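Presented below is the structure to which this report refers.
The values are calculated or read from the model by the stated rules, or taken from the named source; none is laboratory data. Please read all numbers here as calculations on a predicted model, not as lab measurements. Here the Cβ positions follow ideal geometry from the backbone for every residue, glycine too, while neighbour counts run over all protein chains shown. Side chains included, ligands, DNA and RNA excluded: accessible areas come from the protein's heavy atoms. Shrake-Rupley method; radii C 1.70, N 1.55, O 1.52, S 1.80 Å.
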Amino acid sequence: MAGGIFSPLGSCSELEKANCHPLVCLLCHEPYQHPCLLDCYHNFCASCLRGRASDSRLRCPLCGHPSVVRGSTGLPPVDRLLQFLVDSSADSEEDVQCANCDRCCTKAELDTMYFCNTCGQPLCAPCREETHRARMFARHEIVSLSKRTKDIHKKCPLHEEPYIMFSTEKKSMLCINCFRDMQGESRAHCIDIETAYMQGCQRLDQAVMAVKELQTSTREAIVLLKAMIEEVRNSASEEEAAINSLFSRMQEQLSERKKTLLKAVQSQHEEKEKAFKEQLAHLASLLPTLQVHLVTCSAFLSSANKAEFLDLGYQLMERLQRIVKLPHRLRPAQTSKINSEYRAEFARCLEPLLMLSPRRSVVGSAGGIGPGITGTNMLPGGQCSKTLMVPSCPPTSDKMSTGPMVKKPTMHRYISTKVLLAEGRETPFAEHCRNYENTYQMLHTEIQGLKDQVQELHRDLTKHHSLIKSEIMSEILQKSLQMDVQIAAHYSAVEMMRSVFEEVWEETYQRVANEQEIYEAQLHDLLQLRQENSCLSTITKQIAPYVRSIAKVKERLEPR
């Protein structure tokens, strides 16, 4: 029965056709019978929803949004507004007869009919002019038939008294007894029925305008999304073709560069092996010479007397010193590591194909494998290249609202900074961290002081109903604005250091990873401080009107 509403809509015209009568159920296609309102604001008949609930949850048959249902019936609450419209629609279809002249009006003439709420009777247009224009009917409330007041809306069901007031706090009508039973504070929120009606109409007009704007935006979004679906389909085909073409070209380039790199490795191997063999031959010839002279010294000490030692000993010592001072290549002249820079070479040969800049920077996206690591710097076998992938900077026009999210919380950033400073290395970033911590602690202390003041004022106002000087709120707002300027200035100063640190970060991978996380955490802390300050300003602005009103009351009460 409900299968028609689930079929996809091909165009906007079909979408308009799908918008059926607002008083007809989308499941049974009949006028609503006890309409129920779901959490997604879709309405269905109670009979159409009965038996669909499971584990106190009921999924909307139209959009699938789950709604929580309570009670043994397993149904959401009845929509009183829609029920009122259904009842009103049913009343408008009934034949109406003038209470004065007994004239029956057709449906086409219903717009010309009137209703006297005082008499509780319908009137045609001639009878309204002839009879209810008399002085005795001057206080009667005459409205159009569609706006007649039903008995249920005339009197209070609790006291059987007519409604005279409306509570803007509880959003309910009040009779004289209900008004008397209210507390003094709640009476201040009561206005007469006519004023409440006028204010309600104005607010309803504003809500209707907002819904109309949303309706227009929704239709535009639907057209845009349908166009984007087609673009996605075409883009996918083009992307597949481009991937296959690029992959083939990459394979060719990599194959050629592989042959070149293997030749370079073999050449380095031969050169290093030759150099090590020459050095080994030199040391091999030096070792017997050293052994002979050590034996000579031992024999000379054991056989020579004092005179012979003084005659030949200094000559032997001079010879030994010369042997020691000769340029012996005891340490390897070069490392045994063969470095072909294959990662950089492979990346360099792919740069023309991938249009990579020499300074590789990646934009954080869903395709990233990890922080600073993407598919372009992952090697076969899961090994990771140590080439640094520096995150890109956000646009400077909106840095503090759309800045990159931080990977480490404030406490982790604080500990990491302490560890970095404890290493004792005098680097530009260490000096920056030292200055940053001092400024951040000062800003954090001032923000915390403002937060404590606002919390105390809010507690006094809500719990203790204490009178607060309005000057205090102005001072807090002024301090909050000053803090916002200081935080923004400090954020800009820290952000301007990004280009300087990026040059330093390219030197080593492990250290840069830690510094980048600390740096982004610093920006996050400033963003968090500014957000807390913004919330603080909002709360202060919300409290300010109440403080001013209480101050005025206090001024009036002081002379008494």
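Laid out as a table, the results:
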| item | result |
| --- | --- |
| Heavy-atom accessible area ranking, 1.4 Å probe, most first, across 181, 452, 79 | 181, 452, 79 |
| In order through the stretch 319-334: 3J(HN,Hα) via Karplus (6.51 cos²θ - 1.76 cosθ + 1.60), integer Hz, x for Gly, Pro | 5, 5, 5, 5, 4, 5, 7, 5, x, 8, 8, 7, 9, x, 6, 8 |
| Mean accessible surface per residue for the stretch 18-93, computed with a 1.4 Å probe while every protein chain stays in place, in Å² | 61 |
| Semi-axis lengths, Å, the stretch 213-340, gyration tensor of Cα atoms, sqrt of 5 times eigenvalues | 82, 21, 8 |
| Viscosity 0.692 mPa s, temperature 37 °C, Stokes-Einstein D of the stretch 18-93 from Kirkwood C-alpha radius, µm²/s | 259 |
| With every protein chain in place, the stretch 213-340: carbon and sulfur % of accessible area (1.4 Å) | 60 |
| The stretch 62-71 - phi-based ³J(HN,Hα) in whole Hz, Karplus 6.51/-1.76/1.60, Gly and Pro as x | 8, 10, x, 5, x, 10, 7, 10, 10, x |
| Å² per residue, accessible surface of the stretch 213-340 at 1.4 Å | 84 |
| Largest-first ordering by accessible area, 1.4 Å probe, given options 418, 272 | 418, 272 |
| Estimated inter-spin distance, residue 59 and residue 72, nm [label 7 Å along Cα→Cβ] | 2.8 |
| 3J(HN,Hα) from dihedral phi, the stretch 211-220, Karplus parametrisation 6.51/-1.76/1.60, rounded to Hz, x for glycine, proline | 5, 5, 4, 5, 5, 5, 5, 5, 5, 5 |
| Mean separation of Cα contacts under 8 Å (6+ apart) over length of the stretch 18-93, as relative contact order % | 28 |
| Sequence-distant residues sharing a close amide H with residue 165 (under 5 Å, placed H) | 174 |
| Heavy-atom SASA rank of 50, 257 (probe 1.4 Å, accessible area, largest first) | 50, 257 |
| Rounded to the nearest 10 Å², the accessible area of residue 173 at probe 1.4 Å | 80 |
| For residue 96, distant residues with modelled amide H under 5 Å away | 105 |
